[in-house]
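Asks: Sharing a structure, written as structure tokens. Questions coming.
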Amino acid sequence: MEIRDPIHGPVAITAAERKVIDHPLVQRLRRVSQLGFGEQAFPGATHTRFLHSLGTMHLASKAFESVSRDLGFVPRREMARARATIRLAGLLHDLGHAPLSHSGENVLPLKNGRRRTATHEEVSVSLINHSDLADLLRREFKDLGVRPRHVAGLISARPPASDPFVVKGVSLLPLLRQLIASELDVDRMDYLIRDSYFTGVAYGRFDKDWVLSHLGAHRGGSNVGLTLDSSAIFTFEDFLLSRFHMFLMVYFHHKTIAYHRMLERFLEGAGRRIRAPSDPEAFADCDDEWLLLKIRASSSPWAKRIAGRRPLSLVVEAWDEDAVDLGRIRGDLEESLPDSCEWVDSGVEFSKYFRGEDAGSAPRSRVLLVKTSQHTTRRPLVPVDEYSDLFVRQAAGRRVLRLYCREDDVDAVSKSVATRMRT
């Protein structure tokens, strides 16, 4: 069977995968927007987590086909099991996303009954392992030897205690986990191109086919890791910059952030008892409309603003050094500002896998290795942050400090800020 994707064209699926796609927990993603409140700033951004999940599954296959050229020591049956597992991981990696995606993460269930809210990755892992979806996976992929814990092991923030991908004393697990979540993964590849397409911007575009065709695998000791041929390094840098610019210009758009802040305020107050159930069957009903209905039914002023599409107005937006200067006078300003004012301090890092020497050790197990040309004087394999100076040049990231208020307070707040800045 094929599914038509506006980004990738025909996406082939097997009969077993179709049964997984038809499961209520996966179908729920049709009703969870990919960009949450992003539609308020970019009206075309009505795409869903369901579309993104299908695209990630498709790219997982493409990436695995490339790296498999370097896995000649792996028996055919193990290759088939790894391929099926990584496709399922791509399909199910966002299973636990909250209504309105990242904006609604505060309504996710509590972690093991504690006070901490679970992350969407933790919810995804739990649903894969502890719902009737797990029974479906065991039944439909029995012949391939795929188990729910194998799929969850590629998605979880921590690798599984028991490695299910050891072949002839060598583990494929690091490689498979890198393809799903790393500096260069199929999740990012899909959402950048997809979000760029539906928002109508050019920032997220890059040559995915060139990147995919130059992926490889390297056997180092008892592990196999992900490599990229050096001839694709400029395309990879373009990919990194595309992601960075999408965060700066799309994901952190001032109007989207205003809605996100209003939802935070609503959930802190009148909505503090709103919590998605941990029961998998009930969770399948927790989509965007589930949360929006609760917002519309509330008498909270924050809820009324969200439902009425009346975002707080942006008064000041300061970047980097200007944000530092504005931050210095923030305390003095707050004494004279009306209660309607909201400050939002956002930091955008270039890479969470490389943060520079002063930011602690990066998770090196997921660092991409660059395969250099045999005619160079470099080592045959070089960590990407040593091969490309882009990480060092962008290590500081970007900071934006914004001040919002009610529309009828804009003039007064603007004057207060201008007066204080001049002094």
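Asks: Looking at the stretch 96-133 only, could you name the residues that are of a type in the set (A, V, I, L, M) and buried (at least 19 other Cβ atoms within 10 Å of the Cβ)?
Replies: Ala98, Leu100, Val107, Leu108, Ala118, Val123, Val125, Leu127, Ile128, Leu133, listed by residue number.
Asks: Identify all residues within the stretch 304-315 that are crowded, with 19+ Cβ neighbours inside 10 Å and within 14 Å of Phe37 (Cβ to Cβ); write none if there are none.
Replies: Matches in the stretch 304-315: Arg305, Ile306, Pro311, Leu312.
Asks: State all residues of the stretch 249-282 that are part of a loop (DSSP other than H, G, I, E, B), of a type in the set (A, V, I, L, M, F, W, C) and surrounded by 21 or more Cβ atoms within 10 Å (Cβ to Cβ); if no residue qualifies, say none.
Replies: Ala276, the sole residue that qualifies.
Asks: At least 3 residues that are touching a helix residue (DSSP H, G or I) at 6+ places or on another chain (Cβ under 7 Å) and among the polar types (S, T, N, Q) in each: list the helices (runs of 4 or more DSSP H) lying fully within the stretch 11-109 that qualify.
Replies: Qualifying helices (runs of 4 or more DSSP H): 49-67.
Asks: State which residue is surrounded by the fewest Cβ atoms within 10 Å (Cβ to Cβ) when the search covers only the stretch 147-195 and only residues that are among the hydroxyl-bearing types (Ser, Thr, Tyr) and touching a helix residue (DSSP H, G or I) at 6+ places or on another chain (Cβ under 7 Å). It would help to see each step written out before you state the result.
Replies: So in the stretch 147-195, the residues among the hydroxyl-bearing types (Ser, Thr, Tyr) come out as 156, 162, 171, 182, 191.
In the following step, the residues that additionally are touching a helix residue (DSSP H, G or I) at 6+ places or on another chain (Cβ under 7 Å) were identified as 156, 182, 191.
Details: Ser156: 18, Ser182: 21, Tyr191: 22.
Only one residue tops the list, namely Ser156.
Asks: Given (1) of a type in the set (Gly, Ala, Ser); (2) within 16 Å of Gly36 (Cβ to Cβ); (3) touching a residue at least 24 places away in the same chain (Cβ under 8 Å), identify the lone condition not met by Ala318.
Replies: Result: Ala318 fails condition (2) only.
Asks: Let me ask another. How many residues, within the stretch 232-289, are closer than 14 Å to Glu105 by Cβ, acidic (Asp, Glu) and out of contact with any Lys or Arg (no Cβ under 8 Å at 6 or more places or on another chain)?
Replies: Result for the stretch 232-289: 2.
Asks: Here is a further query. Within the stretch 372-413, work out how many residues are under 30 Å from Val324 (Cβ atoms), more than 23 Å from the chain's Cα centre (by Cα) and of a type in the set (S, T, N, Q).
Replies: Result for the stretch 372-413: 1.
Asks: Val211: touching a Leu at 6+ places or on another chain (Cβ under 8 Å), among the β-branched types (Val, Ile, Thr) and either surrounded by fewer than 16 Cβ atoms within 10 Å (Cβ to Cβ) or touching a residue at least 12 places away in the same chain (Cβ under 8 Å) (or both), yes or no?
Replies: Yes; evaluated as a whole, the condition is true for this residue.
Asks: While we're on this one: Being hydrophobic (A, V, I, L, M, F, W, C), within 30 Å of Leu71 (Cα to Cα) and not in a helix (DSSP H, G or I) is true for just one of Leu228, Leu212. Which residue is that? Before you say what the answer is, go through the steps one by one.
Replies: Values: Leu212 fails: not in a helix (DSSP H, G or I).
Just one listed residue meets the conditions, Leu228.
Asks: Hey, among the residues in the stretch 150-186 that are farther than 19 Å from Leu127 by Cα and assigned to a helix (DSSP H, G or I), which one's nearest to the chain's Cα centre (by Cα)?
Replies: Among residues in the stretch 150-186 that are farther than 19 Å from Leu127 by Cα and assigned to a helix (DSSP H, G or I), the one nearest to the chain's Cα centre (by Cα) is Val186.
Asks: Please verify whether Trp319 is among the aromatic types (Phe, Trp, Tyr), within 23 Å of Arg31 (Cα to Cα) and surrounded by 14 or more Cβ atoms within 10 Å (Cβ to Cβ), treating the condition exactly as stated.
Replies: No.
Asks: Search the stretch 326-338 for residues that are among the small types (Gly, Ala, Ser) and pair each with any residue that is part of a helix (DSSP H, G or I) when their beta-carbon atoms are under 6 Å apart and the residues are at least 6 apart or on different chains.
Replies: Ser336/Ser416
Asks: Counting only residues that are out of contact with any strand residue (DSSP E or B) (no Cβ under 9 Å at 6 or more places or on another chain) and either closer than 23 Å to Arg138 by Cβ or without any contact (Cβ under 8 Å) to a residue 12 or more places away in the chain (or both), how many does the stretch 51-63 have?
Replies: 3
Asks: Something else now. Looking at the stretch 280-302, is at least one residue over 25 Å from His130 (Cβ atoms) and among the β-branched types (Val, Ile, Thr)?
Replies: Yes: the stretch 280-302 contains one or more residues that are over 25 Å from His130 (Cβ atoms) and among the β-branched types (Val, Ile, Thr).
Asks: Further question: Taking the condition of being under 31 Å from the mean Cα position of the chain (by Cα), assigned to a helix (DSSP H, G or I) and surrounded by fewer than 19 Cβ atoms within 10 Å (Cβ to Cβ), how many residues in the stretch 326-356 meet it?
Replies: Total satisfying the criteria: 1.
Yes or no, residue by residue, for (1) within 17 Å of Glu349 (Cα to Cα); (2) modelled with pLDDT under 95; (3) acidic (Asp, Glu):
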{"residue": "Glu237", "(1), (2), (3)": "yes, no, yes"}
{"residue": "Ser242", "(1), (2), (3)": "yes, no, no"}
{"residue": "His254", "(1), (2), (3)": "no, no, no"}
{"residue": "Arg261", "(1), (2), (3)": "no, no, no"}
{"residue": "Gly271", "(1), (2), (3)": "no, yes, no"}
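Asks: Starting from the stretch 76-88, take each residue that is surrounded by fewer than 17 Cβ atoms within 10 Å (Cβ to Cβ) and list its partners that are modelled with pLDDT of 95 or more and assigned to a helix (DSSP H, G or I), counting only C-beta distances under 9 angstrom and pairs at least six apart or across chains.
Replies: Short answer, once both residue conditions are applied: Met79/Phe64; Met79/Ser68.
The values are calculated or read from the model by the stated rules, or taken from the named source; none is laboratory data. Everything quoted here is computed from the prediction, not taken from an experiment. Don't worry about glycine lacking a Cβ; one is built from the backbone with ideal geometry, like all the others, and counts go over all protein chains shown.
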